[in-house]
Amino acid sequence: MSDMRSLWRVGPDVDLGAIDPRSTPGLPGRKVTGDDPKLWARAEVERIGAELATQQEMLFAQATVEPQLGRSVLLVLQAMDCGGKDGAIKRVAGTMDPLGLQIKAFGPPTPEELQHDFLWRIRKALPPAGYVGVFNRSHYEDVLVVRVNELAPESVWRPRYKKINDFERKLAGAGTTVVKVMLHISRAEQRERLMQRLVNPDKHWKFNPADLDARAKWDDYQAAYTEALATCNTDDAPWYVLPADRKWYRDWALAHLLRATFTDLKLTYPQADYDVTAQRSRLEADG
């Protein structure tokens, strides 16, 4: 299937209210998927996942053999609470070799982190050459949570947009491909997922009463996300919004997005710097 990133790439006039979280843009019709698009999409994620694993191996091999050509990929995942970040990481990023993955979840800053610039802890978590890094939440918390909860005045958080754009531009220039994804769920879907955590004792540990406090500020968060998406959507580090009420579609779309990202890198396995025939002969003689 052709590159579908344009379906999810945000524009300068992004309007989250106009994006239906239950929609499935790009999904083929039933002539392709059959009567159960959910099962079809899950099978496709497994198939594409095998391609992602190969691409990641080439990324790692190239950085190992030719460090001067080494690149990395950084996937930034943002969402409202219960947006599906953990599930997307497990089902899509999880198709790749865990030895080549570097996953970092960002919670509230620690006392040490608060003593530094807001990007300090982000820089420490960046993936080295050859790795795929995944941020579960990110530096965008500092223009989302900080803004909505008034943890700092506007004179502090607003200049961070420019700092983020400068930071991401330098990352891209240094060989890191940055892909930013907002998993877009509806308020109704969030309520259902929160309720599931409360009615299932095995999920109680995942519930945080503070999630309801954040939910009460839903409109404020939507406004904060809208400005962050519009202001920090650049060719160096584009933003994509994936409708995420349907988990199976979310995973299918993310798999396509990552495959297209790898395709742009035009990765190949490095050529051997030794005489392969001679080494095979040595090994055969050692039988």
When only residues in segment 1-57 that are open to solvent by 80 Å² or more (accessible area, probe 1.4 Å), in contact (Cβ under 8 Å) with a residue 40 or more places away in the chain and basic (K, R) count, which is nearest to A244 (Cα to Cα)?
-> R22
Being more than 30 Å from A188 (Cα to Cα) and in contact (Cβ under 8 Å) with a residue 24 or more places away in the chain narrows it down to one of Y240, Y269, so name that one.
-> Y269
For segment 200-237, how many residues are closer than 27 Å to R160 by Cα, free of Cβ contacts under 8 Å to residues at least 12 places away in the same chain and more than 23 Å from the chain's Cα centre (by Cα)?
-> 4
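K85 - would you say it is closer than 23 Å to P243 by Cβ and loosely packed, with under 14 Cβ neighbours inside 10 Å? Working first, answer last.
Details: closer than 23 Å to P243 by Cβ: yes; loosely packed, with under 14 Cβ neighbours inside 10 Å: no.
No.
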Note on segment 151-177: residues within 21 Å of the chain's Cα centre (by Cα) and either surrounded by fewer than 11 Cβ atoms within 10 Å (Cβ to Cβ) or in a loop (DSSP other than H, G, I, E, B) (or both) are G173, A174, G175
Considering only segment 232-287, how many residues are open to solvent by less than 80 Å² (accessible area, probe 1.4 Å), touching a helix residue (DSSP H, G or I) at 6+ places or on another chain (Cβ under 9 Å), in a helix (DSSP H, G or I) and farther than 16 Å from K85 by Cα?
-> 6
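The values are calculated or read from the model by the stated rules, or taken from the named source; none is laboratory data. Keep in mind that what you see is a predicted model, and the values were worked out from it rather than measured. Neighbour counts are summed over all protein chains in view; Cβ atoms, including those assigned to glycine, are modelled from backbone coordinates with ideal geometry. Protein only, heavy atoms only, side chains kept; ligands, DNA and RNA dropped before computing areas. Shrake-Rupley method; radii C 1.70, N 1.55, O 1.52, S 1.80 Å.
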